[in-house]
Each structure stands twice: as C-alpha cells, then as structure tokens.
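The values are calculated or read from the model by the stated rules, or taken from the named source; none is laboratory data. Just so you know, these numbers come straight off a predicted model, no measurement behind them. Positions of Cβ are generated from backbone atoms using ideal geometry, with glycine treated the same way; all protein chains shown enter the neighbour counts. The protein model used for the area step is the full one, side chains on, heavy atoms only, and it has no ligands, DNA or RNA in it. Shrake-Rupley method; radii C 1.70, N 1.55, O 1.52, S 1.80 Å.
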Amino acid sequence: MTFVVSEYDEVSKSKGAYITTFFWASFAVGRFLGIFVSKYVIAVKLISLYIFLMVVGFSGFTISAFVAQIDAITVFSCVAGISMSALYPAGLTWAESELLKVTAWVSSFTLIASAIGMMINPLIIGYLMEEVSNMWFCYVLLSQTLLLCCIFLFLLLFNRCYLNKVYGKVGDSKMFETVMEAPLQETDKFLDTREKEFSPKI
C-alpha cells in the first residue's frame, strides 16, 4: 500500500488497502490449496512451481509498476501472494526429502533465519524508497526472487550431482552406513573386549 500510494497520485489509500487485501487473500487461498496439492505433487516440483510463479509475479509487478498499470499491479500482487503462500512449508518438505533430516534444531534455525530476513527487508526497502526512488520496492523484491531461484538451483544440482553420489540419498542405507560406521566400530571393539573378559576359561 505504501508503494502504490506514494508512487501514483491517482491511487488513494483505500485503493492501496484493497490491493493489499487481495494480496493477503490470495496468500491465504494459496496456502489452503497447498494442503491438497502437496498430496499429489512431490516437494521438488512443488517448490519449483512456486518459485516460477514468484518470478512471474514479481517480474510482472515490476513491469506493471514501471508503466503505471494499477490493475495489472493488483493481478500480479495476487500471483505473488499465491506463489509465496506455500513456499516455506514446501521448502521444509523438500529439505526433509532430499537434503537433510529436519529436526527441531533445523526447523528452529530456519524459522529464525526467515524471521531475520522479514525484519531486515523492510528496513532496506524503506531506506531505498525514501532516499533513492519508490521503484526500489519492485527492484529489491525482484532481485531477491532471482537470488532465491539461483540458490535453489545450486542446492538442487549440488545435492543431486555430488552429495547423493558421495553420501547417498537422505535415508539411504549408504548414507546411514557412512554416518554410523565409526560409532559401530567402537561398539564392536567394546563388545569384543567384554566377551573376552566374561568368556568362561577352559
């Protein structure tokens, strides 16, 4: 709302509030639908779909803002809301299925990191909008979305081309053996020693 009201004279606060309402409504609907979609689509395809929609949404939002098309801004705000809705849970599901076991510590650190991003982002955008131009609202969101796309592709390729070949897939017997090899050897030595101590002497 702050962006459209301050950038365009013809947009009132009430209209800006409507655009914000449409964004959050689409966010809620997208998260609700994600419950059912996730049952039929695997995590990596789901997160790829959401990232693609996010790139489309913020690219269209930036172009629409540049040419001052308020209706198009509203539409692409809804696309952005849908794409952002289930990205966080889809990311955790993908991490659990392909990267690592999502324990309480992992989910806590992920939540803290995302919360820090949500706190810092408005400060950066607010400073750039006030000191440089209101359009930096669009530029920052689009650049962060493209950065997210690059990070996801890097993790996906690094995991499938290196980690899976060296350590095996998450939950694989090969990975389990790699992690448990050293402790099992120590346990076997301990058991051998105890058996020798308590074996009957003939």
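Is at least one residue of region 123-135 over 30 Å from ALA68 (Cβ atoms) and surrounded by fewer than 16 Cβ atoms within 10 Å (Cβ to Cβ)? Even if it seems obvious, please write down each step before you answer.
From region 123-135, those over 30 Å from ALA68 (Cβ atoms) are none; that's our starting set.
Looking through region 123-135, none of the residues is over 30 Å from ALA68 (Cβ atoms) and surrounded by fewer than 16 Cβ atoms within 10 Å (Cβ to Cβ).
Restricting attention to region 1-23, which residues are under 13 Å from ASP71 (Cα atoms) and either outside any helix (DSSP H, G or I) or of a type in the set (Asp, Glu) (or both)?
Of everything in region 1-23, those that are under 13 Å from ASP71 (Cα atoms) and either outside any helix (DSSP H, G or I) or of a type in the set (Asp, Glu) (or both) turn out to be TYR8, GLU10, VAL11.
Looking at region 60-77, I want the residues that are under 13 Å from PHE3 (Cα atoms) and have a partner that is open to solvent by less than 20 Å² (accessible area, probe 1.4 Å) and outside any helix (DSSP H, G or I) with Cβ atoms under 7 Å, at least 6 apart or on another chain. Which pairs are those?
ALA65/MET135; ALA68/TYR8; ILE70/TYR8; ILE70/VAL11
Given (1) within 18 Å of the chain's Cα centre (by Cα); (2) open to solvent by less than 60 Å² (accessible area, probe 1.4 Å), identify the lone condition not met by VAL11.
Of the numbered conditions (1) within 18 Å of the chain's Cα centre (by Cα); (2) open to solvent by less than 60 Å² (accessible area, probe 1.4 Å), the odd one out for VAL11 is (1).
Can you say whether GLY30 is assigned to a helix (DSSP H, G or I), in contact (Cβ under 8 Å) with a residue 24 or more places away in the chain, open to solvent by less than 50 Å² (accessible area, probe 1.4 Å) and more than 18 Å from PHE152 (Cα to Cα), as far as the supplied structure shows?
Working: assigned to a helix (DSSP H, G or I): yes; in contact (Cβ under 8 Å) with a residue 24 or more places away in the chain: yes; open to solvent by less than 50 Å² (accessible area, probe 1.4 Å): yes; more than 18 Å from PHE152 (Cα to Cα): yes.
Here the answer is yes, as GLY30 does meet what is asked.
Modelled with pLDDT of 90 or more, touching a Ser or Thr at 6+ places or on another chain (Cβ under 7 Å) and surrounded by 12 or more Cβ atoms within 10 Å (Cβ to Cβ): which single residue out of LEU142, LEU153, LEU146 fits that description?
Values: LEU153 fails: touching a Ser or Thr at 6+ places or on another chain (Cβ under 7 Å); LEU146 fails: touching a Ser or Thr at 6+ places or on another chain (Cβ under 7 Å).
Among LEU142, LEU153, LEU146, only LEU142 is modelled with pLDDT of 90 or more, touching a Ser or Thr at 6+ places or on another chain (Cβ under 7 Å) and surrounded by 12 or more Cβ atoms within 10 Å (Cβ to Cβ).
Being touching a Cys at 6+ places or on another chain (Cβ under 8 Å) and at pLDDT below 90 is the filter here; which residues of region 7-50 pass it?
none
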